[in-house]
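The values are calculated or read from the model by the stated rules, or taken from the named source; none is laboratory data. Bear in mind the structure is a predicted one, so any value in this text is a computation, not a measurement. Note that we place each Cβ from the backbone using ideal geometry, even for glycine, and neighbour counts take in every protein chain shown. Surface accessibility is based on the protein's heavy atoms, side chains included, excluding ligands, DNA and RNA. Shrake-Rupley method; radii C 1.70, N 1.55, O 1.52, S 1.80 Å.
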Amino acid sequence: MVLTLTEVAGNPLVLTRRLRLRDGSEVVFRPLAHGDAGHLARFLAGLSPESRRLSTFDGYGLDTARELCDAIARYDKLRLVVEEAASGRIVGLLEFSLGLHPSDLARYRKAGVPLIEGTDCRFGPTLADDYQGRGVGTLLFPLVTEVARRFGRKRVILLGGVLTDNFRALRYYEKNGFEAVGTFTGPGGASSLDMILALGPEPGRV
């Protein structure tokens with residue numbers, strides 16, 4: 001049965017998972033909650049200038065955190081956090097956009113890969129600097145695809161694309177099955193790459 005944003009907001013446990021990292025510590029993957037604004041603001045404020053360059057947030061303080069929390073189940077966005085099980089510190093934010101932006105529709109159509117409302121979605125992850133390069137993204141990826149499938153999505157594109165000089169992210173996406181569609185010039189003249197992932201059958205099902 002396909003999930004809705006209202007159902008997730010009413011029962012966050014439906015998408016809550018506990019994961020053990022390679023160093024033995026544990027993190028919790030769960031939907032963003034209204035009470036997360038303070039912890040989320042500290043996460044955003046702690047991002048380095050380089051991480052901010054690679055992200056798509058409008059701001060990095062409490063106002064932005066409150067806006068994201070206030071938007072829960074109000075628009076087309078599903079945001080999930082990764083938090084340290086022991087401390088409750090938010091160390092990751094993953095965003096799904098269930099609607100498609102006109103600029104995405106136009107670019108993909110021009111590249112010969114028409115997008116489909118209702119079965120395609122956009123996705124963008126951000127990890128705290130001290131959690132990057134530790135295999136966390138690889139551990140999370142099966143949950144990312146599970147979330148997309150539970151919302152009835154068959155393909156995932158990158159939210160805002162990926163900067164062509166973000167080599168770590170490019171390797172990550174390629175390793176997890178994303179395929180390049182084409183380059184485009186993003187805000188500020190930055191060169192970015194559109195990528196898409198076809199989810200295929202759910203694991204364990206034919």
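Take Arg153, Arg109 and sort them by solvent-accessible surface of the protein heavy atoms, 1.4 Å probe, largest at the top.
Heavy-atom accessible area, descending, gives Arg109, Arg153.
Give me a comma-separated list of calculated 3J(HN,Hα) values for the stretch 148-156, in order, Karplus coefficients 6.51, -1.76, 1.60 applied at θ = phi - 60°, integers in Hz, x for any Gly or Pro.
4, 5, 5, 9, x, 8, 10, 9, 10
Nearest 5 is fine: what % of DSSP beta bridges in the chain come out antiparallel, could you say?
That works out to approximately 90 percent antiparallel.
Against the empirical 2.2 N^0.38 Å scaling, what ratio does the C-alpha Rg of the stretch 146-187 come to?
Relative to the 2.2 N^0.38 Å estimate, the stretch 146-187 comes out at 1.30.
Taking 7 Å along the Cα-to-C-beta vector as the label spot, tell me the Leu163-His34 distance in nanometres, rounded to one decimal.
3.6 nm
What percentage of the solvent-accessible surface of the stretch 108-163, computed with a 1.4 Å probe over protein heavy atoms, is contributed by carbon and sulfur atoms?
In the stretch 108-163, the share of accessible area belonging to carbon and sulfur is 56 percent.
Kirkwood hydrodynamic radius (Cα pairs, Å) of the chain?
The answer is 17.5 Å.
Would you mind getting the accessible area per residue of the chain, heavy atoms of the protein chains only, 1.4 Å probe, in Å²?
51 Å²
At 222 nm, what helix-only mean residue ellipticity would the chain give, in deg cm²/dmol to the nearest 500, using -39500 (n - 2.57) for each DSSP H run of four or more? Spell out each step's value before the answer.
Details: 7 runs with 62 residues, N = 206.
Calculated from helices alone, the mean residue ellipticity at 222 nm is -8500 deg cm²/dmol.
With +1 on each Lys and Arg Cβ and -1 on each Asp and Glu Cβ, and nothing else charged, work out how big the dipole of the stretch 47-206 is about its Cα centre, in Debye to the nearest 20.
440 debye
Ignoring ligands, DNA and RNA, what percent of the accessible area of the stretch 31-88 is carbon or sulfur (1.4 Å)?
49 percent
Can you give the accessible area of Asp76, probe radius 1.4 Å, in Å² rounded to 10?
Approximately 50 Å² of Asp76 is accessible to the 1.4 Å probe.
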